[in-house]
Amino acid sequence: MTATSGLIGVEGPEAAQTVELAAGHGSRLVLVTDGLAETRSRSGEFYGRQRLRDALVANRQLPVREFVSYIVTSVSEFRGTETQADDLTIVAIDL
């Protein structure tokens, strides 16, 4: 398939890159938007990439639906009553 247009939401050609990963049976591909890591608590603290990574790794044994639900719940509980300023998008695919 040949691309006929640019990427939506990508700023400049340097922002897009192609990456090849070797993934075996039983691997899980997880794609997230920056809205998860950039979610702020009432005190203004970011959920952050490290906290997100820790949550992803610690719960990788869960079935994919429970895994996604856990991550979204974790971010939402961290945010508390603060308004969500960005989208929370997570896609998890078991390979």
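The values are calculated or read from the model by the stated rules, or taken from the named source; none is laboratory data. In this text, all values refer to a predicted model and were calculated from it rather than measured experimentally. No Cβ is skipped: glycine too gets one built from the backbone with ideal geometry, and neighbour counts run over all protein chains shown.
Right, ARG51: farther than 15 Å from LEU29 by Cα and not aliphatic (A, V, I, L, M) or not?
So ARG51 passes the test.
Kindly establish whether GLN50 is over 14 Å from the mean Cα position of the chain (by Cα) and farther than 17 Å from VAL91 by Cβ.
Answer is no for this residue.
Any chance the range 77-88 includes a residue that's of a type in the set (Val, Ile, Thr) and surrounded by 11 or more Cβ atoms within 10 Å (Cβ to Cβ)?
Checked the range 77-88: no residue is of a type in the set (Val, Ile, Thr) and surrounded by 11 or more Cβ atoms within 10 Å (Cβ to Cβ).
Here's a check for you: in the range 12-34, which residue that is assigned to a helix (DSSP H, G or I) and without any contact (Cβ under 8 Å) to a residue 24 or more places away in the chain is surrounded by the fewest Cβ atoms within 10 Å (Cβ to Cβ)?
GLU14
Does LEU56 count as surrounded by 15 or more Cβ atoms within 10 Å (Cβ to Cβ) and within 10 Å of THR39 (Cβ to Cβ)?
Here the answer is no, as LEU56 does not meet what is asked.
Could you grab the pairs with beta carbons closer than 6 Å, sequence gap of 6+ or different chains, first residue in the range 74-95 and at negative phi and assigned to a loop (DSSP other than H, G, I, E, B), second one modelled with pLDDT under 90 and not aromatic (Phe, Trp, Tyr)?
LEU95/ALA23
Could you please find all residues in the range 35-44 being without any contact (Cβ under 8 Å) to a residue 24 or more places away in the chain and closer than 20 Å to THR89 by Cα?
Across the range 35-44, the qualifying residue is only ALA37.
Taking the range 58-67, which residues are under 21 Å from SER41 (Cβ atoms) and either part of a helix (DSSP H, G or I) or in contact (Cβ under 8 Å) with a residue 24 or more places away in the chain (or both)?
ALA58
Which residue is nearest to the chain's Cα centre (by Cα), if the candidates are limited to the range 35-47 and must be surrounded by 12 or more Cβ atoms within 10 Å (Cβ to Cβ) and either assigned to a helix (DSSP H, G or I) or of a type in the set (D, E, K, R) (or both)?
LEU36
Check off (1) in contact with a Leu (Cβ under 7 Å, 6 or more places away or on another chain); (2) on the phi > 0 side of the Ramachandran plot for SER27 and give me the number that stays unchecked.
All conditions pass for SER27, except number (2).
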